[in-house]
Amino acid sequence: MINIDIKKLREEQVKLAKKITIKDGDKEITKIAGCDLAYMDNKMICVITVLGYPDLKLVEKKYSIMDVET
């Protein structure tokens with residue numbers, strides 16, 4: 001079983017969030033992407049999708065399934 005320190009992960013997330021800069025750019029957004037990671041038994045499953053914007057049609061998807069080393 002993986003030992004996860006939720007408090008430490010939240011602190012890291014707050015630290016990283018402070019580094020994000022949001023500003024208007026001069027380029028039009030045409031694609032957006034998202035990713036997710038899940039654990040099942042001793043497997044790690046990662047999925048990344050790219051959607052067209054603003055129509056939200058699927059452009060590309062990739063996934064990977066790996067064994068989790070304990």
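Of all positions in the range 56-70, at least one carries a residue that is among the β-branched types (Val, Ile, Thr) and modelled with pLDDT of 95 or more. Given the condition among the aliphatic types (A, V, I, L, M) and in a strand (DSSP E or B), answer yes or no: does some residue in the range 23-36 qualify? Checked the range 23-36: at least one residue is among the aliphatic types (A, V, I, L, M) and in a strand (DSSP E or B). Is it the case that some residue within the range 21-32 is free of Cβ contacts under 8 Å to residues at least 12 places away in the same chain and either in contact with a strand residue (DSSP E or B) (Cβ under 7 Å, 6 or more places away or on another chain) or among the polar types (S, T, N, Q) (or both)? Yes: one or more hits. Within the span defined as the range 62-70, one or more residues are open to solvent by 100 Å² or more (accessible area, probe 1.4 Å), in contact (Cβ under 8 Å) with a residue 40 or more places away in the chain and not aliphatic (A, V, I, L, M). Just to be sure before I move on: is Ile45 out of contact with any His (no Cβ under 9 Å at 6 or more places or on another chain), assigned to a loop (DSSP other than H, G, I, E, B) and β-branched (Val, Ile, Thr) in the structure I sent? No: the conditions fail for Ile45. Scanning the range 1-45 for residues that are β-branched (Val, Ile, Thr) and either more than 26 Å from Met66 (Cβ to Cβ) or open to solvent by less than 80 Å² (accessible area, probe 1.4 Å) (or both) yields Val14, Ile20, Thr21, Ile22, Ile29, Thr30, Ile32, Ile45.
Cβ-Cβ distances below 7 Å connect no pair with a first residue in the range 38-51 that is under 9 Å from Tyr63 (Cα atoms) and among the β-branched types (Val, Ile, Thr), a second residue that is assigned to a loop (DSSP other than H, G, I, E, B) and open to solvent by 80 Å² or more (accessible area, probe 1.4 Å), and a separation of six or more residues or different chains.
The values are calculated or read from the model by the stated rules, or taken from the named source; none is laboratory data. Everything numeric in this text was worked out from a predicted model, so none of it was measured. FYI the Cβ positions are ideal-geometry reconstructions off the backbone, even for glycines, and counts take in every protein chain you see. Ligands, DNA and RNA are stripped out before the accessible areas are found, and what is left, the full protein with its side chains, is counted by its heavy atoms. Shrake-Rupley method; radii C 1.70, N 1.55, O 1.52, S 1.80 Å.
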